[in-house]
C-alpha cells in the first residue's frame with residue numbers, strides 16, 4: 001500500500017532529490033512537500049473523473065424558490081464534494097442543468113436546479129491513500145514534482161519535462177478509464193440480454 005510519504009518520495013525522485021522519512025522533518029524538501037501535497041492532491045482529483053473517487057448521493061433540499069411558472073430547488077452541496085460532475089432527477093431525468101452558488105444568508109455552498117429530489121454524481125475529496133488508483137498515484141507524484149521542481153531545483157527545463165510527463169500520465173489514465181467503463185457497459189448489456 002502506498003503512503004503519503006511514498007508519493008512525496010516518488011515526486012522527489014523525479015527531481016533527483018534524496019527521499020524524506022517524514023513530512024515533519026526539518027528540511028526544505030519535507031517543508032515543500034507538506035505545503036504542496038494537499039492542494040495538488042485536490043487539483044489532480046478534479047482534473048479527471050477517477051473511478052475510485054466517484055460518488056453518487058441524494059441531495060438535501062434546503063429551500064425552494066418560485067420564479068414565475070418555474071420552481072427552483074436549492075440543495076446543500078455535498079460535504080465531501082470536490083467537483084460536481086452531474087445532477088439528475090430521481091424520476092430518471094439525466095444531465096439536469098444546475099448552478100452552483102453561495103448562500104450568504106446561511107453561509108453555505110448550494111446547488112440550484114429545476115428538479116425535485118435531485119441526485120448528484122461527483123468527485124469525492126479523498127485523502128486516504130489506500131483508496132488511490134495506481135494511475136492516480138503516478139499522476140499525483142508527477143504533479144507534485146512539477147511544483148517542487150522550481151522551488152527545489154530552480155531548473156525550468158526540468159519542470160517542463162516533468163509537466164510533460166504529468167500530462168501524458170493524465171492522458172493515459174483517461175484512456176484506461178474509458179476502456180474500463182466500456183468493458184463495464186458491455187458486461188452490463190450482456191447481463192441484461194441474458195435475462
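Annotations for the structure displayed:
- Between 103, 109, the distinction of being more than 14 Å from residue 58 (Cα to Cα), at pLDDT below 90, outside the structural domain of residue 29 (by TED's automatic domain parsing) and in contact with a strand residue (DSSP E or B) (Cβ under 7 Å, 6 or more places away or on another chain) belongs to 103 only.
- Of all the listed residues (41, 34, 46, 29), the sole one being surrounded by 19 or more Cβ atoms within 10 Å (Cβ to Cβ), part of a helix (DSSP H, G or I) and within 23 Å of the chain's Cα centre (by Cα) is 41.
- The residues listed here are 119, 94; of these, the one that is surrounded by fewer than 19 Cβ atoms within 10 Å (Cβ to Cβ), in contact (Cβ under 8 Å) with a residue 60 or more places away in the chain, more than 30 Å from residue 164 (Cβ to Cβ) and not assigned by TED's automatic domain parsing to the domain that holds residue 138 is 119.
- Taken together, the residues in segment 122-135 that are surrounded by 14 or more Cβ atoms within 10 Å (Cβ to Cβ), at pLDDT 95 or above and in a helix (DSSP H, G or I) amount to 1.
- Only residues that are surrounded by 14 or more Cβ atoms within 10 Å (Cβ to Cβ) and either without any contact (Cβ under 8 Å) to a residue 24 or more places away in the chain or part of a loop (DSSP other than H, G, I, E, B) (or both) were counted in segment 64-91, giving 2.
- Which numbered condition residue 141 fails, given (1) part of a helix (DSSP H, G or I); (2) closer than 30 Å to residue 31 by Cα; (3) modelled with pLDDT under 90: (3)
- Subset of segment 154-173 that is touching a helix residue (DSSP H, G or I) at 6+ places or on another chain (Cβ under 6 Å) and more than 15 Å from residue 45 (Cα to Cα) - its residue that is surrounded by the fewest Cβ atoms within 10 Å (Cβ to Cβ): 163
The values are calculated or read from the model by the stated rules, or taken from the named source; none is laboratory data. Just so it is clear, the structure is predicted and the values come from calculations on it, not from any experiment. No Cβ is skipped: glycine too gets one built from the backbone with ideal geometry, and neighbour counts run over all protein chains shown.
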